[in-house]
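Here the structure comes first, spelled out in structure tokens, and everything after it is commentary.
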Amino acid sequence: MLKMIEAILAKRIVTENISFSGHKRMRGQLQCLNNCDGCGNCSAVCPVQAITIQDGKPAVDYKKCIFCGRCVETCIQGALQHSNKDVMGNVLTETQIQIGEMITAKLGRSLHVRHLDAGSCNACDFEMGALSNPIYDLHRFGIAFVASPRHADMLMVTGVVTRNLEQALRMTYEAMPEPKLVMACGACACGGATYGATYAVCGSAADIVPVDIAVPGCPPRPSSMIAAMCAAADILAERL
Amino acid sequence: MLQVQPENLRGAANIFSAAGKNPLAAMFGADETLRGGGLAIYCLFYNAEKRDMDILKAEFSADGDLSYPSLTPILPAAAWYERELHDMFGFIPREHPDLRPLVLHETFPEDFHPLLKKYPVDYQVRGSRKYEMLTSAGEGLYEVPVGPIHAGIIEPGHFRFSQAGEAMLQLDAKLFYTHRGIEKAVEGKTPFEALPLVERICGACSVANTLSFCQAVEKLSEADVPRKAWLIRTLAAEMERLYNHVGDTGNVCAGVGFSPVISMGSRLKEYLMQLNEMLAGNRFLRGLIVPGGVNCDVDENCLEEIDEVLRELEKEYRDIVHIMWEQNNFVNRIRTTGIIRQNTAFELAMVGVGARASGSVRDSRKDIGFGIYDELDFAVVTETAGDVEARIKVRVGEVYESIKLIKQLISKLRKEPEGSLCVDLGMLRTLEGSWGISESARGDNLHWLMLDEEGRIDRLFVRSASYPNWPALTLAVQGDIIPDFPLINKSFELCYACLDR
Ligand code: SF4
Ligand code: SF4
């Protein structure tokens, strides 16, 4: 018992500020440099058809992208590169939300989230589990995971929707009280293209229930998930 | 490989299993009609003495009778494989004690067998087949249904408990909810095209699945994977075991609400996930291992960082373990809870931590010795009690062994001269079966691969470590009280995604 108290006190506070950039090797948002000649090799090699060539330049659909790095390897010009930044961070700075302000604004508000694995590889789920570790400490934002859809403001869906879970997704959504939000978390839930179309897959979350917010990544890093949840709290506040 | 008539499969399997010495490691079907064959069943037996797999094949004519004498009465480990063969190909194992569906749930029609080549990959057909749960009935008995959507952040599965008061009399698990049809989805793709899908079969076993798959591919080539690549691959494999085991040590405490340790374990796991991102650019080590070698090097800074984090982590981990064992009410809950006896572990051909906590020494790193494990010094940790405590002890022991392995790998990588990281595999041999194995945090992970004439995937079978251990979980809970289920479940820490594919 003493050892336990000692260990807890010794560590003090380990919670960190959330950050949208990872290690320099991290495969994050794609950047296309000027020497791109629009050859389209990246688009051809992409396993989930996330790239289309528009106006002679690749345009990436981050709802589908699994951040595999194949397009970057294939680009002979070296024009396409991964930055070490989360796509989510970009979306939020675009809407002029500074993290610090955002967090202060969120204090005093709450969001109750129900998770539903609709057919994921479990990496998205594990990252969601990591949100409760002392480093990300989700509770400091007034966000909590709840045990029942009947207690939830938001449904957080991971994975492509499988045939074996389609009904569970519909029923869980219906069981939630209004107003309700749905977040598609990760490339599978957002784009549904990870494994292609198969006999066992119905598609992305949006093919079954209305989706309000999408978090790119395979899996999205915990910071992205937190940012998206804070944004969701805003959307919810508007609807109340 | 030995090919037999379907009627003789049971007899031959009995001989191949050598009275249990060579456990059934996988059993699956293949549709070989496109190249003039029939339908086939393959059985792989794990032969630790020969450090190889013994392969048994039975061929059926495609339009003829698909029934054969079931292996399950003599090899209980075949029970789920045969249910899967029935679902996916329509084979009929006669005298199978429980031929309910396994993979395909109620929305599929009875006569749809997706792995037959006549069905295109995206064939959507609806029906209504029955999936009955196994229950016990009698005076005072009642059922408790749980799932598929659980209260916490866990993968989906439906559990049906038959209760006699608090005691669990029987448990039936309905799984395969996250079945995505990956084995069918990779058919017709080249191994390179299939790789991102294979990496995404499971998050927590991403390295293990990729490593098994890559080895299966590499066995079809004349080229040798560079030694340096093997050092980096092995580093990744041990990092995967480490982050899983460290996280699971904390997580098992969630089964009894022992919060301080849950939180400490999850913090240490997070540090390891950050190392993963540094190593591979992805927190689940995706994108590092490729057929022929690895994708990127690890430099001195990287090694230094790993070394440093692990030194601190080992100290803190020892503290956590100390805190766990010092808590009598915790030890009380885990001791004699959820027992799997040694003969059950052998009969079900269990793998990994689950098996090693029940007296088995099965560890593919030693038994098969893939890659460079033969050069490395590590012990196989075993226990005999087969309860939750034994499984925790094995996991804790393996954490220290993994740290020891990573230290050796770091010093070997420092000495390793600059060199190629990936070899061109050239032309791959086609129409030849090939397997690859690796030891995931949950036990050995086995892939079977066959390429068609054009070098595209004709059949991939993925037998994850969780496959043989899931049926064991349903036996382990019998007689324990229902509040112990989460604890027992977490002590096995099985994947759903790996199993469901
Ligand atoms: S990184 Fe994204 S866009 Fe590029 S190939 Fe992979 S999935 Fe496609
Ligand atoms: S998005 Fe990626 S990490 Fe998430 S479930 Fe799909 S494959 Fe797994």
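The values are calculated or read from the model by the stated rules, or taken from the named source; none is laboratory data. Keep in mind the model is a prediction, meaning the values are calculated, not measured. Reconstructed Cβ throughout: ideal geometry from the backbone, glycine too, with neighbour counts over all protein chains shown. For accessibility, only protein heavy atoms count, side chains too; no ligands or nucleic acids. Shrake-Rupley method; radii C 1.70, N 1.55, O 1.52, S 1.80 Å.
Checking A:Thr74 against (1) more than 16 Å from ligand 2 (Cβ to nearest atom); (2) over 20 Å from A:Ser224 (Cβ atoms); (3) buried (at least 17 other Cβ atoms within 10 Å of the Cβ); (4) within 14 Å of chain B (Cβ to nearest Cβ), only one condition comes out false. Which one? Just one mismatch for A:Thr74, condition (3).
Only one of B:Glu493, B:Glu439 is away from ligand 2 (no atom under 16 Å from the Cβ) and surrounded by fewer than 24 Cβ atoms within 10 Å (Cβ to Cβ). Can you tell me which? Exactly one residue qualifies, and that residue is B:Glu493. If you check A:Cys190, A:Cys230 for being touching a helix residue (DSSP H, G or I) at 6+ places or on another chain (Cβ under 6 Å) and not β-branched (Val, Ile, Thr), only one passes: A:Cys230. Within the range A:176-201, the set of residues being at the interface with chain B (Cβ under 7 Å from one of its Cβ atoms) and open to solvent by 20 Å² or more (accessible area, probe 1.4 Å) comprises A:Gly196, A:Ala197. Checking each residue in the range B:91-120 for being open to solvent by less than 10 Å² (accessible area, probe 1.4 Å), over 24 Å from A:Glu166 (Cβ atoms) and part of a loop (DSSP other than H, G, I, E, B) picks out only B:Phe91. Remark: A:Ala189 matches the filter, which requires a residue to be within 16 Å of ligand 1 (Cβ to nearest atom), at pLDDT 90 or above and part of a helix (DSSP H, G or I). Of all residue pairs spaced 6 or more apart or on separate chains, none has beta-carbon atoms under 7 Å together with a first member in the range B:194-208 that is closer than 18 Å to A:Val48 by Cα and a second member that is in a helix (DSSP H, G or I) and within 12 Å of ligand 1 (Cβ to nearest atom).
I need the full set of residues from the range B:3-42 which are in a strand (DSSP E or B) and out of contact with any Ser or Thr (no Cβ under 9 Å at 6 or more places or on another chain), in order please. Result: B:Gln3, B:Val4, B:Ala25, B:Ala26, B:Met27, B:Phe28, B:Gly29, B:Ala30, B:Asp31, B:Ala40, B:Ile41, B:Tyr42. Being more than 18 Å from the chain's Cα centre (by Cα) and either part of a loop (DSSP other than H, G, I, E, B) or within 12 Å of ligand 2 (Cβ to nearest atom) (or both) narrows it down to one of A:Gly196, A:Gly217, so name that one. Sole residue among the options that is more than 18 Å from the chain's Cα centre (by Cα) and either part of a loop (DSSP other than H, G, I, E, B) or within 12 Å of ligand 2 (Cβ to nearest atom) (or both): A:Gly196. Checked against (1) within 16 Å of ligand 1 (Cβ to nearest atom); (2) surrounded by 22 or more Cβ atoms within 10 Å (Cβ to Cβ); (3) more than 18 Å from the chain's Cα centre (by Cα), B:Leu195 meets all criteria but (3).
Restricting attention to the range B:369-385, the residues that are under 20 Å from the mean Cα position of the chain (by Cα) and touching a residue at least 60 places away in the same chain (Cβ under 8 Å) total 4. In this structure, is A:Asn164 in contact with a helix residue (DSSP H, G or I) (Cβ under 6 Å, 6 or more places away or on another chain) and either within 16 Å of ligand 1 (Cβ to nearest atom) or at negative phi (or both)? Spelling it out, it is not the case that A:Asn164 is in contact with a helix residue (DSSP H, G or I) (Cβ under 6 Å, 6 or more places away or on another chain) and either within 16 Å of ligand 1 (Cβ to nearest atom) or at negative phi (or both). Can you find a residue in the range B:274-281 that is away from chain A (no Cβ under 14 Å) and within 30 Å of A:Ile66 (Cα to Cα)? Checked the range B:274-281: no residue is away from chain A (no Cβ under 14 Å) and within 30 Å of A:Ile66 (Cα to Cα).
Yes or no, residue by residue, for (1) open to solvent by 10 Å² or more (accessible area, probe 1.4 Å); (2) of a type outside the set (D, E, K, R):
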residue: B:Asn14; (1), (2): yes, yes
residue: B:Ile41; (1), (2): no, yes
residue: B:Lys57; (1), (2): yes, no
residue: B:Ala62; (1), (2): yes, yes
residue: B:Pro76; (1), (2): yes, yes
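Tallying residues that are charged (D, E, K, R) and in contact (Cβ under 8 Å) with a residue 60 or more places away in the chain within the range B:278-295 yields 1. Just so you know, in the range A:123-154 the residues that are open to solvent by 40 Å² or more (accessible area, probe 1.4 Å) and part of a helix (DSSP H, G or I) include one that is farthest from the other protein chains (Cβ to nearest Cβ), and it is A:Arg140. Before we move on, is B:Tyr467 aromatic (Phe, Trp, Tyr) and buried (at least 24 other Cβ atoms within 10 Å of the Cβ)? Yes, satisfied.
All conditions in (1) more than 30 Å from B:Asn328 (Cβ to Cβ); (2) outside any loop (DSSP other than H, G, I, E, B); (3) among the hydrophobic types (A, V, I, L, M, F, W, C); (4) touching a Cys at 6+ places or on another chain (Cβ under 9 Å) hold for B:Ile262, with the sole exception of (1). Tally up the residues in the range A:44-62 that are within 11 Å of ligand 1 (Cβ to nearest atom), open to solvent by 20 Å² or more (accessible area, probe 1.4 Å) and more than 15 Å from A:His82 (Cα to Cα), please. The total comes to 5.
Going through the range A:77-91 one residue at a time, which ones are in a loop (DSSP other than H, G, I, E, B) and either open to solvent by less than 10 Å² (accessible area, probe 1.4 Å) or more than 14 Å from chain B (Cβ to nearest Cβ) (or both)?
Hits for the range A:77-91 are A:Gln77, A:Gly78, A:Ala79.
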